[in-house]
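Trainee: Following this message is one structure expressed as structure tokens.
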Amino acid sequence: MRLDIVGCAGSYPAPGSACSSYLVRSGQTSILFDAGNGSLTNLYPVIDPAGLDAIIISHGHVDHFADVVGMYHYLKYANPPIHPIPVFSTGDALKTLARLITPRGIDPGVFSINTVNPGDHIAVGSLNLQFFRASHPVPTLVTRVSDGSSSLCYGADGDYSEGLAAASDHVDLLLGESTWVERDQSFPKGLHLDAKSLATFAKSAGVKTLAITHIAYPGDKGKILRIVRENFTGVSQLAEIGTTFQI
Ligand SMILES: [Zn+2]
Ligand SMILES: [Zn+2]
């Protein structure tokens, strides 16, 4: 499996950096996880969006799906896909997306829309996906992806949860969020992770490699990496746009 970082900024774009978007490929299968604001511009050089086998939207926050709106218009008017591209997400996120794309209804030749819930399994080409519930203020999907020989968890947004623990149990790679450098008392629970809580959790889950993402600007990335490495003994690296992880 190969993971390309297309966007990684947490909650809002950072200077020179788009919001969350991650391309996972195995063999002939390509799945895009999220398309936050600004990410489409980084996607074109990596893959033609018309060639995607599926788009998974983790939840209905704009930093995870804003550019699906632009992608729809690119696909409808500039480069129609041969087959409609399946879009999977929570009912909540899909309702918002449909409203933002067009009041006339999504063209079924461009996107086929599918609601998924925690507990669901789907297969897309050679990849198997299992969905879990995150701890976040809106319905949010954590996804475990497997191609039969390696496994990856995309933690999306969220504080520690049983869903995140189950989804990332002994995975080869956890793409995990550290929105905050350190947890301030004023930060609410059930929203996001910080560097230490991400690293401690990854260690307890037996994760092999940790890719750290969704850092909110101007969070000190060097400090986050230092804290993670003090608390997690596996391989850890910042997810930066253009970075590729091979598992
Ligand atoms: Zn986010
Ligand atoms: Zn969110």
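Trainee: Grab the DSSP H runs of the chain that are 4 residues or longer, score each as -39,500 (n - 2.57), total them, divide by all residues and round the 222 nm result to the nearest 500 deg cm²/dmol.
Mentor: -7000 deg cm²/dmol
Trainee: Continuing with the same structure: With every atom except the alpha carbons ignored, what do you get for Rg and Dmax of the stretch 88-225, in angstroms?
Mentor: 16.3, 49
Trainee: Provide the gained length on full extension for the span residue 182 to residue 128, in nm with one decimal, where the gain is 0.36 nm per separating residue minus the Cα-Cα distance.
Mentor: 16.0 nm
Trainee: Taking the Cβ of each residue in 34, 220 as the centre, tally the other Cβ atoms inside 10 Å and list the residues starting with the fewest.
Mentor: Ranking 34, 220 by Cβ neighbours within 10 Å, fewest first, gives 220, 34.
Trainee: Right, another one. Need one number: nm distance between label points at residue 41 and residue 114, each 7 Å from Cα along Cα→Cβ, rounded to one decimal.
Mentor: Going from the residue 41 label point to the residue 114 one covers 3.2 nm.
Trainee: Find how much the distance from residue 223 to residue 204 grows on full extension, using 0.36 nm per residue of separation minus their present alpha carbon separation; answer in nm with one decimal.
Mentor: 4.7 nm
Trainee: I would also like to ask the following. Taking amide H positions as placed 1.01 Å from N in the peptide plane, with prolines and chain starts having none, which residues 5 or more places from residue 140, or on another chain, fall under 5 Å of its amide H?
Mentor: The list, which skips near neighbours in sequence, is 134.
Trainee: Return a single number: how many Lys pairs in the stretch 2-246, at a sequence separation of 8 or more or on separate chains, have alpha-carbon atoms below 19 angstrom apart.
Mentor: For the stretch 2-246, the number of qualifying lysine pairs is 4.
Trainee: While we're here: For residue 138 paired with residue 62, estimate the spin-label separation in nm (one decimal), with each label point 7 Å from Cα along the Cα-to-Cβ line.
Mentor: Here the modelled spin labels are 1.0 nm apart.
Trainee: While we're on this one: Relative to the longest principal axis of the chain, what angle (0 to 90°, nearest 10) does the C-alpha long axis of helix 91-101 take?
Mentor: 50
Trainee: Still on this structure, I have one more. Quick check: the angle from helix 195-204's long axis to the longest principal axis of the chain, C-alpha only, nearest 10 degrees?
Mentor: 90
Trainee: With the alpha-carbon atoms as the only input, what is the per residue convex hull volume for the stretch 2-246 in Å³?
Mentor: Dividing the Cα hull volume of the stretch 2-246 by its residue count gives 112 Å³.
Trainee: Right, another one. What residue among 203, 221, 95 shows peak mean-square fluctuation when the chain is described by a Gaussian network model with Cα springs under 10 Å?
Mentor: Answer for the Gaussian network model of the chain: 95.
Trainee: Computed FRET efficiency, Cβ-Cβ of residue 28 and residue 191, R0 41 Å: what is it to the nearest 0.05?
Mentor: 0.65
Rule-based calculations on the coordinates, nothing more; no lab input. Predicted model, so just to flag it, every value in this text is computed and none were measured. All Cβ positions, even for glycine, are placed from backbone atoms using ideal geometry, and neighbour counts span all protein chains on display.
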